[in-house]
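Novice: Sharing a structure below in structure tokens format, with a few things to ask.
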Amino acid sequence: MKELNWYYPETLADAAKLVQQKNVFPHGGGTGLLLRKLSAVDGLIELSQLPLQRIKITGDCIEIGGTCTYGDVISELMKTDPEHILVKCLHHSANTPLRNRITIGGSIAMFPPWSDLMGALIALDAEVKLLGKNSGDFPISEYIKDKNLHSESLITSVKIQNLPWRSAHYREIRTKSDMPIFNHTVLLKTADGRIDDSRLITVGTASKFTRLSEVEEYLMNRRIETINPSEIEKRVRLKFSGSRINDPEYVNLKAGIELGRLIQKAL
């Protein structure tokens, strides 16, 4: 095995230069190294000395540093909003040692199909702050679709609006520590007994994630007491594929049933 070069930048300016070197990649929690072919890696940038492990909460915005772990996010948001969707999404993700290692920036950059984080960030219209070749703030949906934004760039933080949503999260798992086959994120706003707005995201589909627009249309302006889970199930048409999916039609059926239950739970 070839020798790896390690870099330890102390400033963001130094990190921006390093990340633009060929075959040199950021190293945060290190869990992503298990999925990468190290033969294609010449160097790793150790990020722990950079000011990226901060969570800043203001009246209308939450900014989470790129090297914050799942555990950091849970602990900080629990202080002000225990019902926040990110708390619900991350609380049961992976296991305790991994929650204390997996970083927010790394999870966004890699976006594994079992991600418990990405559904919430997509639903919340998060913005990703990049440093390096592509410096600036980008909508997370644009970052996911445009692979050029990943090139020679470092995620320094992610920003989300700090708004009062009713929320719920579901993970389709076989054992407690299993990676989910799919997961649902539900965000709802109500006014005068009606659904005023909804954001419904499923992660783990053939296209990585799917926004359930047809169900959102069904919910719009509907009185809460008239919401019918069976009508929700009929409007869920998700495509699943991959080695972990034995029966795509069954998984779609299960996803519809669980989404109906989850919306009721959020309400």
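The values are calculated or read from the model by the stated rules, or taken from the named source; none is laboratory data. Predicted model only: the values in this text are computed from it and were never measured. Glycine gets a Cβ as well: all are built from the backbone with ideal geometry, and neighbour counts include every protein chain shown. Each accessible area value is taken on the protein alone, full model and side chains, heavy atoms only, with ligands, DNA and RNA left out. Shrake-Rupley method; radii C 1.70, N 1.55, O 1.52, S 1.80 Å.
Novice: Among the candidates ALA120, ALA126, ALA109, single out the residue that is aliphatic (A, V, I, L, M), closer than 24 Å to LYS37 by Cα and out of contact with any His (no Cβ under 6 Å at 6 or more places or on another chain).
Specialist: Within the list ALA120, ALA126, ALA109, the selection yields ALA109.
Novice: Could you tell me whether any residue of segment 81-101 is within 30 Å of ALA13 (Cβ to Cβ), free of Cβ contacts under 8 Å to residues at least 24 places away in the same chain and either open to solvent by 10 Å² or more (accessible area, probe 1.4 Å) or not in a helix (DSSP H, G or I) (or both)?
Specialist: No; the residues of segment 81-101 include none that is within 30 Å of ALA13 (Cβ to Cβ), free of Cβ contacts under 8 Å to residues at least 24 places away in the same chain and either open to solvent by 10 Å² or more (accessible area, probe 1.4 Å) or not in a helix (DSSP H, G or I) (or both).
Novice: Go through segment 134-148 and report how many residues are under 19 Å from GLY65 (Cβ atoms) and either assigned to a loop (DSSP other than H, G, I, E, B) or among the polar types (S, T, N, Q) (or both).
Specialist: Matching residues across segment 134-148 total 2.
Novice: I've got another one for you. Looking only at residues in segment 199-227 that are among the hydroxyl-bearing types (Ser, Thr, Tyr) and touching a Ser or Thr at 6+ places or on another chain (Cβ under 8 Å), which one is most open to solvent (accessible area, probe 1.4 Å)?
Specialist: Out of the qualifying residues, it is THR210.
Novice: Now for a separate question. Has segment 149-165 got at least one residue that is modelled with pLDDT of 95 or more, open to solvent by 40 Å² or more (accessible area, probe 1.4 Å) and among the hydroxyl-bearing types (Ser, Thr, Tyr)?
Specialist: no
Novice: Just to be sure, is MET118 in contact with a helix residue (DSSP H, G or I) (Cβ under 8 Å, 6 or more places away or on another chain), touching a residue at least 40 places away in the same chain (Cβ under 8 Å) and open to solvent by less than 10 Å² (accessible area, probe 1.4 Å)?
Specialist: Yes; evaluated as a whole, the condition is true for this residue.
Novice: Moving on. What residue, of GLY71, GLY29, is within 24 Å of CYS89 (Cβ to Cβ), in contact with a strand residue (DSSP E or B) (Cβ under 6 Å, 6 or more places away or on another chain) and open to solvent by less than 60 Å² (accessible area, probe 1.4 Å)?
Specialist: Answer to the check: GLY29.
Novice: Please specify each residue of segment 121-133 satisfying the condition of being assigned to a loop (DSSP other than H, G, I, E, B) and either touching a Cys at 6+ places or on another chain (Cβ under 7 Å) or open to solvent by 40 Å² or more (accessible area, probe 1.4 Å) (or both).
Specialist: Those that are assigned to a loop (DSSP other than H, G, I, E, B) and either touching a Cys at 6+ places or on another chain (Cβ under 7 Å) or open to solvent by 40 Å² or more (accessible area, probe 1.4 Å) (or both): ASP125, LYS133.
Novice: Checking SER107 against (1) buried (at least 21 other Cβ atoms within 10 Å of the Cβ); (2) closer than 19 Å to GLU46 by Cα; (3) touching a strand residue (DSSP E or B) at 6+ places or on another chain (Cβ under 9 Å); (4) of a type in the set (S, T, N, Q), only one condition comes out false. Which one?
Specialist: (3)
Novice: Hey, does segment 230-253 have a residue that's crowded, with 16+ Cβ neighbours inside 10 Å, assigned to a helix (DSSP H, G or I), touching an Asp or Glu at 6+ places or on another chain (Cβ under 9 Å) and of a type outside the set (A, V, I, L, M)?
Specialist: Within segment 230-253 (the criterion being crowded, with 16+ Cβ neighbours inside 10 Å, assigned to a helix (DSSP H, G or I), touching an Asp or Glu at 6+ places or on another chain (Cβ under 9 Å) and of a type outside the set (A, V, I, L, M)), the answer is no, since none of the residues qualifies.
Novice: Something else now. Exactly one condition in (1) in contact (Cβ under 8 Å) with a residue 40 or more places away in the chain; (2) part of a helix (DSSP H, G or I); (3) open to solvent by less than 10 Å² (accessible area, probe 1.4 Å) is false for HIS184; which is it?
Specialist: Failing condition for HIS184: (2).
Novice: Of the numbered conditions (1) within 29 Å of GLN21 (Cα to Cα); (2) touching a Gly at 6+ places or on another chain (Cβ under 7 Å), SER107 satisfies every one except a single condition; which is it?
Specialist: SER107 satisfies every listed condition except (2).
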